[in-house]
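The values are calculated or read from the model by the stated rules, or taken from the named source; none is laboratory data. The model shown is predicted, which means the values in this text are computed figures rather than measured ones. Using ideal geometry, Cβ is built from the backbone for each residue, glycine included, and neighbour counts are taken over all protein chains shown. Surface areas here come from the heavy atoms of the whole protein model, side chains and all, with no ligands, DNA or RNA. Shrake-Rupley method; radii C 1.70, N 1.55, O 1.52, S 1.80 Å.
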Amino acid sequence: MNNSTLRFDDGINITLEQMLLTKEKRVHHQQQLFAHYPYPLISLSLVIPGPIKKSSGSIFLFTQALDAIHQMLNQHNISIIHEKLYESITGDEALLSIDYNVDMLKQLCIKIEENHFLGRLWDIDVIDPITQKSISRTKFAHYSRQCLVCQDNAKVCGRSKRHAISEILTAITNKVNDYRNS
């Protein structure tokens, strides 16, 4: 693999307002796609803490995630009806309209997140076209994700700010380097 150094601190700091605006835009984009394509939607983003959301490391992670999703869809002979990529300093995102059962699609996406070496760093949501709500992992007895640093519940660690952002980014960098060097 390429030996160039991937970093997660070589981007532009963004503000909370920019992140909130991005979330609003994501919902708007999803609603637009549902208006044209009434199919389940895969929404891909990354799990990157801190004020820098787009970096050489995040670009690599995003590409790997999109490749993993395409491989899974190809393996199961599942059609992509429409795919749209969004590039932004707040982090790259993808929305894919998929002609497949929403619950089965969510289970396949959970498998990617749980079985791919980098899957923990990806946020692969599946959104129901009828409710326009994300399908929860807990619906299929998959519990909350583990913290990247200590393996406890990630939401608990995040809410309590148990780990410094630098500590989490070091864990992410180490995971990516281990993957690239394997």
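Being of a type in the set (Ser, Thr, Tyr) and part of a helix (DSSP H, G or I) is a property that does not hold for Thr131. For segment 116-125, the count of residues that are β-branched (Val, Ile, Thr) and in contact with a Leu (Cβ under 8 Å, 6 or more places away or on another chain) is at least one. Here Ile124 passes the criteria (1) more than 19 Å from Gly57 (Cα to Cα); (2) modelled with pLDDT of 95 or more except the one numbered (1). For segment 118-138, the set of residues classified as over 30 Å from Ile165 (Cα atoms) and open to solvent by 40 Å² or more (accessible area, probe 1.4 Å) consists of Ile130, Thr131, Gln132, listed by residue number. Here is a list of conditions, (1) under 15 Å from the mean Cα position of the chain (by Cα); (2) without any contact (Cβ under 8 Å) to a residue 12 or more places away in the chain, and Glu24 meets all of them except one; can you say which number that is? In the conditions (1) under 15 Å from the mean Cα position of the chain (by Cα); (2) without any contact (Cβ under 8 Å) to a residue 12 or more places away in the chain, Glu24 misses (1) alone. Checked against (1) more than 16 Å from Leu44 (Cβ to Cβ); (2) touching a residue at least 60 places away in the same chain (Cβ under 8 Å); (3) part of a helix (DSSP H, G or I); (4) open to solvent by 30 Å² or more (accessible area, probe 1.4 Å), Asn174 passes all but condition (2).
Across segment 41-64, a minimum of one residue is classified as without any contact (Cβ under 8 Å) to a residue 24 or more places away in the chain and closer than 30 Å to Thr173 by Cα. Tallying residues that are outside any loop (DSSP other than H, G, I, E, B), farther than 25 Å from Asn77 by Cα and of a type outside the set (Lys, Arg) within segment 134-158 yields 7.
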